[in-house]
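Okay, so here's the structure we're looking at.
The values are calculated or read from the model by the stated rules, or taken from the named source; none is laboratory data. This structure is a prediction, so every number in the text was calculated from the model and none was measured. Please note: Cβ atoms are built from the backbone with ideal geometry, for glycine as well, and neighbour counts cover all protein chains shown. We work out accessible area using only protein heavy atoms, side chains counted, and drop any ligands, DNA or RNA first. Shrake-Rupley method; radii C 1.70, N 1.55, O 1.52, S 1.80 Å.
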Amino acid sequence: ADPACKNRPLDLVFIVDSSRSVRPEEFEKVKVFLSEMIDTLDVGERTTRVAVMNYASTVKVEFPLRTYFDKASLKEAVSHIEPLSAGTMTGLAIQTAMDEVFTEEMGTRPASFNIPKVVIVVTDGRPQDQVQGVAASARAAGIEIYAVGVDRADMQSLRAMASEPLDEHVFYVETYGVIEKLTFRFRETFCAVNVCALGTHGCQQVCVSNGASHLCDCYGGYTLNPDKRTCSAVDMCASGRHECDQICVSNNRSYVCDCYEGYTLNPDKKTCSAMDMCAPGRHDCAQVCLSNDRSYSCGCYEGYTLNPDKKTCSAADVCAPGQHDCEQLCVRDGLSYTCHCHQGYTLNPDKKTCSRAITSRLVTTEESCKCEAIVALQDSVTSHLEALSTK
């Protein structure tokens, strides 16, 4: 037996079916099971006392609770048990246990000792008598009944005789060849110290000792499934499971909080505060950042226009149509401009509009003489031409 487990003191009675349906080699398997069960028990006059009953159509008390108080003697006695080979009077066997075994004369300790009275029935068939009423009387008398069914055992009858809860008191194995595996189940059931240390508790994650029994539990972030043994991951970000002000992000078996765009997580790692989206390093505007509720937009300095990417800026054409107030000509000057006029016009004092220029000048004496000489020459040439024409 595992030294981590000392079973609680019991008055334990095995009731073994040896009817005709149990073949000799199968009955030998039952005896191996009994011996292995004895090995797991803390046997002694003041700890666990063991009795064995053999039944078919009749019932035989192989040895009562007062006979053997050491494992070697018990196992030796078990090895000599022979099958009875007729009938299946399970109800009669339970009644005989009440009348002839669970008595102080046969070794049962007084009620004042508070020693549990336990019966383990092993059968592979259907009872040929009424078992339900007898079993109910035994349970009412304080006897805890475990029913072990093998192969063709009638499950309804097993449930009728077993104590509640049934899922902890009714066991079934396919053949006598594997009945030994129940040893571990009973060792866990009867262990009074550190049930979870045995390693056979079946809990997927956490085992919690509970006196002579145990409960299964799960790690943080997991919840126990309806089978009370396995665990499933829970959604830590489900409503009511987290403390995040805005956004919850699942993180393995836990979670972390986050914030909407335009907000920043506070030092408490739960709540959020609106942040300045135009603070240095928070935006990608080339020139001007304009805060806009939880976002921002970009702008440009005077003389620049926003490019199609809505982030960068280009110098504006201040002389483009509609961009200036010059009446005639616009001339760019860096990021500014000046107005000019067409030839024959002058710029007005407003520096924007133009007026037609007025030009007048005096004819000099020299220019006058040149004109007279030209006229005289023209007259002389004309006269000469006329004379020639008359000849």
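In the structure displayed, which of K60/K181; K31/K117; K75/K228; K270/K310 lie more than 28 Å apart, Cα to Cα?
Over 28 Å Cα-Cα: K75/K228; K270/K310.
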Q) How about the stretch 253-301: which chymotrypsin sites (Phe, Trp or Tyr not before Pro) there are in a DSSP loop, with at most 15 other Cβ atoms within 10 Å of their Cβ? A) Y260, Y301
Q | Accessible carbon and sulfur surface of the chain relative to its total accessible area, %, 1.4 Å | A | 50
Q) Out of residues 5 or more away from Y222 or on other chains, whose amide H comes under 5 Å of its own, with H placed 1.01 Å from N in the peptide plane? A) V234
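If each DSSP helix of 4+ residues adds -39,500 (n - 2.57) and the sum is divided by the residues in the chain, what number results at 222 nm, nearest 500 deg cm²/dmol?
When only DSSP H runs of four or more count, the value is -6500 deg cm²/dmol.
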(Q) Contact order normalised by length for the chain, with contacts defined as Cα pairs under 8 Å and 6 or more residues apart; what percent is it? (A) 9
Q | the stretch 92-194: trypsin sites (Lys or Arg not before Pro) falling in loop per DSSP and having at most 15 other Cβ within 10 Å | A | R152
Q. Between I358 and A316, what is the label-to-label distance in nm when each label sits 7 Å out along the Cα-to-Cβ direction?
A. 3.9
Q. How much net charge surrounds E26 when only other residues with a Cβ under 14 Å from its Cβ are counted (Lys, Arg +1; Asp, Glu -1)?
A. -3
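Size of the dipole of the chain about the Cα centre, Lys and Arg at +1 and Asp and Glu at -1 on the beta carbon, nothing else charged, in debye to 20?
280
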Q: Please name which of M37, G334, Y255 has its Cα lying farthest along the dipole of the chain towards the positive end, using unit charges on Cβ (Lys, Arg +1; Asp, Glu -1) and the Cα centre as origin.
A: M37
Q | Which of A153, H201, L74, positive extreme of dipole for the chain (C-beta unit charges) | A | L74
Q: Give the label of the value calculated from the structure for Cα extents along the principal axes in Å, choosing from (1) 134, 56, 51; (2) 102, 46, 41; (3) 187, 56, 36.
A: (3)
**Q.** Extended-chain gain in nm, criterion 0.36 nm per residue less alpha-carbon gap, Q156 and S336
**A.** 54.5 nm
